[in-house]
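Colleague: I'd like to ask you about the structure that follows.
FYI, it's all coordinate maths here, none of it is from the lab. These figures come from a predicted structure and were not determined experimentally. Positions of Cβ are generated from backbone atoms using ideal geometry, with glycine treated the same way; all protein chains shown enter the neighbour counts.
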There are 2 protein chains.
Amino acid sequence: MNQIIGNRLSGEGNRTFRAFDPQKQQWLPLEFKEATPGEIDDAVKLAAQAFTVYKKVPAQQRAAFLEAIATGITALGDELITTASAESGLPLARLQGERDRTTGQLRLFATMISEGSWVNARIDKATPDVRQMQIPLGVTGIFGASNFPLAFSVAGGDTAAALAAGCTVVFKAHPAHPHTSYLVANVIRTAANDTGMPEGVFSLLHGAAIDTGQQLAVHPQLSAIAFTGSFRGGKALYDTATRRAVPIPVYAEMGSVNPVFFLPRALKEKGETLAAQFLQSLTMGVGQFCTNPGVFITPAEEGPFLNTLQKGIAAMPTGCMLTPGILEAYNSGINSLRQAGARLLGAASATAHQASPALLQVNATQVLDNPSLCHEVFGPSSLHISTSSKEELFRLADALEGQLTATIHGTEEDLREYAELVNILREKAGRIVINGFPTGVAVNHAMVHGGPWPATTPAAGTSVGSAAIYRFCRPVCYQDFPAYLLPPELQDENPLGIWRLLNGNFSKT
Amino acid sequence: MNQIIGNRLSGEGNRTFRAFDPQKQQWLPLEFKEATPGEIDDAVKLAAQAFTVYKKVPAQQRAAFLEAIATGITALGDELITTASAESGLPLARLQGERDRTTGQLRLFATMISEGSWVNARIDKATPDVRQMQIPLGVTGIFGASNFPLAFSVAGGDTAAALAAGCTVVFKAHPAHPHTSYLVANVIRTAANDTGMPEGVFSLLHGAAIDTGQQLAVHPQLSAIAFTGSFRGGKALYDTATRRAVPIPVYAEMGSVNPVFFLPRALKEKGETLAAQFLQSLTMGVGQFCTNPGVFITPAEEGPFLNTLQKGIAAMPTGCMLTPGILEAYNSGINSLRQAGARLLGAASATAHQASPALLQVNATQVLDNPSLCHEVFGPSSLHISTSSKEELFRLADALEGQLTATIHGTEEDLREYAELVNILREKAGRIVINGFPTGVAVNHAMVHGGPWPATTPAAGTSVGSAAIYRFCRPVCYQDFPAYLLPPELQDENPLGIWRLLNGNFSKT
């Protein structure tokens, strides 16, 4: 199986790889060719050509393209789900849900660009007359994540946002699910043809080694990068992109430990329930969510909470991780924590080739002395941090690195007493959850899936929700343009009927 | 004269410098101490402390602070204007206008944050309930520009935007106008005290060498940098900031040659008028605007336009530049262009210590072979690029680097025939001007003063106009927050009466 460059299948290279079925513990039969430097160049050049056409395609037609992708994905039926399951070890039901999320995201962006107000049109009628709107950046290089083979992969949120904005996409498939990637990319190719989009609006490249992505990242015709994955991978792309002759933005979502704070009265009132819910959140999807609660913090008196957790964790099922490499990293992450002084609170009993959910424990002093204890261990483990006073709890919160999410469980009295905690966490995370759990990221207009470094770079973006589109845009200002040269979004008559900031006031006229 | 760190004057260092009066060609008497590493650290730490308070100050009070700064600047009266003139060589009338622009900017932000809709509140009432708004980034390091000692300096657009957003500011004064900087910083200090702002919301640091700025840029408690100045200076800050352990955004406005395209019919119909207007724009402020037209392009048949320019340039007055170093760089920039094959079309006669406006000429082939011909020469010179065909003109436009502005002069027939030029330039510039000149940047809601690299980094920001505030913000999402913990912007009752995206629809309820 080969790259999809526009409408062309291309397999020029010699380096091949196969995916691994982690459930069956066997290599899958299909062989994939890694993209060559020439193929990467071809894909970006074709995307750059396509951009000159695609950026002018009216929003209604771009929306139809997104809708056609959604329809095509659904039409793949069981083949997509079973393929993704074989390549990821994820259960069928979970993947069916993820498919619906993926098509839902595409339709959210389709609806939004059809309506049109998202371009943030601003018009100041004066001398000179100036009019601003968001325009697409150009060719985007998007990197698929392993843990959501549909929703954060080929036709996932980044691709949907970039295509909605008017950018063209060169997609670097994650090597753990190349066949799934191929199936979805082929849907996008067909949808592009069926809705009259220019060839090259989307291309798919395979690569098992880091150099495919690096070669893509340095291409002079690339305008932006989106990535979801490890800190190491994201940081490498960030370093490459910021050192180019012409630097480009990198929107990397690099992970997070998503601290959960349990406050005293909540623990007292419903410690056992919270423990059960926490274990549920921790082990959901074998802990392979970006928003998995990898750290939790309690005050001095925990009540029955910790005992319930300890009993509960021993009874949790082991689970199949996405790849053998991820399982290995999980186990070695736990070992590193123990070597660094964390105590094993409890773990599910071991099963071959499966991840055992585990709880570890340190106290706040240990973390304040050694912040690397709070580095992410991807998988179903969580580190308990005990604190001895409210002041220490605040100091610990203040010492945390940037996070995608931060969560507080508390009664009203708790929350009023610990109001400062909300203030501290607002500086640390992109999303703050009260009396809930961080796993589960709603796809809507208000969601933020991003946060201060090292959660993402830059913190001003979100990779989930409709605001994700702004990562692929910049504003342009038209000064003293005659009516016939203005885009419809900025014409006096407001032919699209969109909301605009007209002389400083929101208006639909 | 010393640093202003919060309410404290501090002069710990031994390194001193003085400003130079470029009109009188003499050093000014006041001696300024460069900030020491300890003073830089003090200022940022105090700003970080102040941020914990300032970020909670209601918008109405932040607005009162901005208003008080504006009032204070006006109250400085002639002292400010004469001081700025002595330190910059800029005429009094120009500085009076710049002062009004500066106070106008402060008031624009004050009005905007008083109204409140700028926070882009987004509310999705569902399960979970998620609510998003923009929050301030933290401590910002802002670098003053030499060419606008008021409007892009201590209380200029960057400071106004950052303070409006809720960020605290450590300001690195430009060494060419330290006394002007001191006067304005003192106004901000007084305004902060008068309106009850926390000490350290603003501090002023002096430094004549590059290391002051570099030490500021690496401070771990700094959250963002804004800079207006040379490509070299901005690039150095960008490199420093992106290589920190925790990278921070740099909003650097690094200059531009602001190409002006003259199309055939416009040249034929009013070539002489355009020539006169062009010379006006070129020499305004001795060519020391970021938006100065440093390059202009004509089609094969120029008519009387070039002859008029040639005659006109010889008659233009010479002018006093901001500093001897800038004058030297201007003269050496012209020499470099000539050595690289540019022909001198004409120049004003030389005057000692003054810049002579000059026109140089190359053809498109020379530029396509050697793009560095289009690097900025800061001052009143412009490079004429002759093209031999429409295709060559498009090719040339396509080869341009990123720009703050791009301008087209054409009749309706020209503009329809050259519609592709608008398309090309949209990818090159933050602002496109039709039948005008790029100098003169309106301060309003729709302005974009930014553009693709190397004009600015990143291209998604603007340093002029109300949208400049978003550079100093990031979104945060509140999930399932009880009413008593929500900020007013996100409460159900909408107590501030702001525009919000409520379940996907703009609404004031």
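Colleague: Quick one: if the Förster radius is 30 Å, what FRET efficiency do residue A:210 and residue A:365 give, using the C-beta to C-beta distance and rounding to 0.05?
Modeller: 0.20
Colleague: Quick check: Cα centre of the range A:125-167 to Cα centre of the range B:56-115, how many Å?
Modeller: 38
Colleague: Using the count of nearby Cβ atoms within 10 Å as a rough guide to exposure, how do B:251, A:330 rank from fewest to most?
Modeller: A:330, B:251
Colleague: Under the rule a/c < 1.5 gives rounded, and otherwise a/b versus b/c splits prolate from oblate, where does the range B:418-470 land using the Cα gyration tensor?
Modeller: oblate
Colleague: If you don't mind, another one. From the square roots a ≥ b ≥ c of the eigenvalues of the alpha-carbon gyration tensor of the range A:29-95, which class results: rounded (a/c under 1.5), prolate (a/b over b/c), or oblate?
Modeller: Because a/c hits 1.5 or more and a/b fails to exceed b/c, the range A:29-95 counts as oblate.
Colleague: Rounded to whole Å, give me the distance from the Cα center of the range B:187-212 to that of the range B:374-434.
Modeller: 41
Colleague: For residue B:340 paired with residue A:329, estimate the spin-label separation in nm (one decimal), with each label point 7 Å from Cα along the Cα-to-Cβ line.
Modeller: 4.5
Colleague: I've got another one for you. How many percent of the alpha carbon pairs in the range B:190-247 exceed a separation of 15 Å?
Modeller: 57
Colleague: List the GluC sites (Glu not before Pro) in the range B:216-313 that DSSP assigns to loop (not H, G, I, E or B) and whose Cβ has at most 12 other Cβ atoms within 10 Å. Which are they?
Modeller: Sites meeting the loop and neighbour criteria: B:301.
Colleague: Still on this model: Short version: what are the Cα gyration tensor semi-axes of the range A:260-443, square root of 5 times each eigenvalue, largest first, in whole Å?
Modeller: 25, 17, 16
Colleague: Let me ask another. Given the range A:220-266 reduced to its alpha-carbon atoms as identical point scatterers, what log10 I(q)/I(0) does the Debye formula return at q = 0.15, 0.24, 0.32, 0.33 Å⁻¹?
Modeller: Cα-only, vacuum Debye calculation for the range A:220-266: -0.48, -0.83, -1.14, -1.18.
Colleague: Counting Lys and Arg as +1 and Asp and Glu as -1, each charge on the Cβ, what is the dipole of the range B:260-443 about the Cα centre in debye, to the nearest 20?
Modeller: Once rounded to the nearest 20, the dipole reads 360 debye.
Colleague: Along the Cα-to-Cβ line of residue B:61, 7 Å from the Cα, sits a label point; which residues in the range B:166-202 have backbone N less than 18 Å from it?
Modeller: Correct set: B:166-169, B:189-202.
Colleague: A further question follows. Cα centroids of the range A:296-339 and the range A:1-49: how far apart, whole angstrom?
Modeller: 37
Colleague: Oh, and also: Which of B:405, A:82 has the fewest other C-beta atoms within 10 Å, and how do the rest follow up to the most?
Modeller: A:82, B:405
Colleague: Only bridges whose two residues both fall in the range B:260-443 count here: according to DSSP, what percent of them are antiparallel, nearest 5?
Modeller: 20
Colleague: Right, here's the next one. For the rotation that superimposes chain A on chain B, which residue of A has the C-beta lying nearest to the axis, and at what distance in Å?
Modeller: A:242, 2
Colleague: Pop a pseudo-label 7 angstrom from the Cα along the beta-carbon direction at both residue B:30 and residue A:221 and give the gap in nm to one decimal.
Modeller: 5.5
Colleague: Using 7 Å Cα-to-Cβ label points, what is the residue A:480/residue A:193 separation (nm, one decimal)?
Modeller: Here the modelled spin labels are 4.9 nm apart.
Colleague: In bins 10 Å wide, starting from 0, what share of all Cα pairs of chain B does each bin hold, as a percent?
Modeller: It works out to 4, 19, 27, 24, 16, 8, 2, 0, in whole percents.
Colleague: Let me know the mean shielding of A:132-145 by other chains, meaning the per-residue number of their Cβ atoms within 10 Å of its Cβ.
Modeller: 2
Colleague: For chain B, build the charge dipole from Cβ charges (+1 Lys, Arg; -1 Asp, Glu) around the Cα centre, then report which of B:276, B:446, B:64 sits farthest towards its positive end.
Modeller: B:64
Colleague: Count, for each residue of A:483-489, the Cβ atoms from other chains sitting within 10 Å of its Cβ, then give me the mean as a whole number.
Modeller: 2
Colleague: Let me ask something else about it. If all Cα-Cα distances of the range A:176-303 are sorted into 5 Å bins from 0 onward, what percent lands in each bin, rounded to whole numbers?
Modeller: Spelled out per bin, shortest first, that is 2, 8, 12, 13, 13, 12, 10, 8, 7, 6, 5, 2, 0.
Colleague: Right, next: Once the other residues with Cβ under 15 Å from the Cβ of residue B:9 are scored (Lys, Arg +1; Asp, Glu -1), what is the net sum?
Modeller: Taking every other residue near residue B:9 into account, the sum is -3.
Colleague: Name the lysines eligible as straight-distance cross-link partners of residue A:311: C-alpha to C-alpha under 25 Å, and not fewer than 8 places from it in the same chain.
Modeller: The qualifying lysines are A:268, A:270.
Colleague: Ok, one more. Rounded to the nearest 5, what % of the DSSP beta bridges within the protein assembly as shown are antiparallel ones?
Modeller: So the antiparallel bridges amount to about 40 percent of the total.
Colleague: Here's something else I'd like to know. Mind checking B:465-478 for the average number of partner chain beta-carbons within 10 Å of each residue's beta-carbon?
Modeller: Mean partner-chain Cβ count within 10 Å for B:465-478: 6.
Colleague: How large is the dipole of chain A about the Cα centre if only Lys and Arg carry +1 and Asp and Glu carry -1, each at its Cβ, rounded to the nearest 20 debye?
Modeller: 340
Colleague: As an exercise, identify the trypsin sites (Lys or Arg not before Pro) in the range B:110-191 lying in DSSP coil whose Cβ has no more than 16 other Cβ atoms within 10 Å.
Modeller: B:125
Colleague: Could you pull out every one of the lysines with an alpha carbon less than 24 Å from that of residue A:235, ignoring same-chain neighbours closer than 8 positions?
Modeller: Within the straight-line limit of under 24 Å, residue A:235 reaches these lysines: A:172, A:428, B:235.
Colleague: Give me B:268, A:508 sorted ascending by neighbouring Cβ count inside 10 Å, so fewest comes first.
Modeller: A:508, B:268
Colleague: Write down the percent of antiparallel bridges among all DSSP beta bridges whose residues are both part of chain B, to the nearest 5.
Modeller: 40
Colleague: Compute, for the protein assembly as shown, the length of the dipole vector about the Cα centre, with Cβ point charges of +1 (Lys, Arg) and -1 (Asp, Glu) only. Units Debye, rounded to 20.
Modeller: My answer is approximately 180 debye.
Colleague: Let me check the size of the protein assembly as shown from its C-alpha atoms; what are the radius of gyration and Dmax in Å?
Modeller: 29.2, 92
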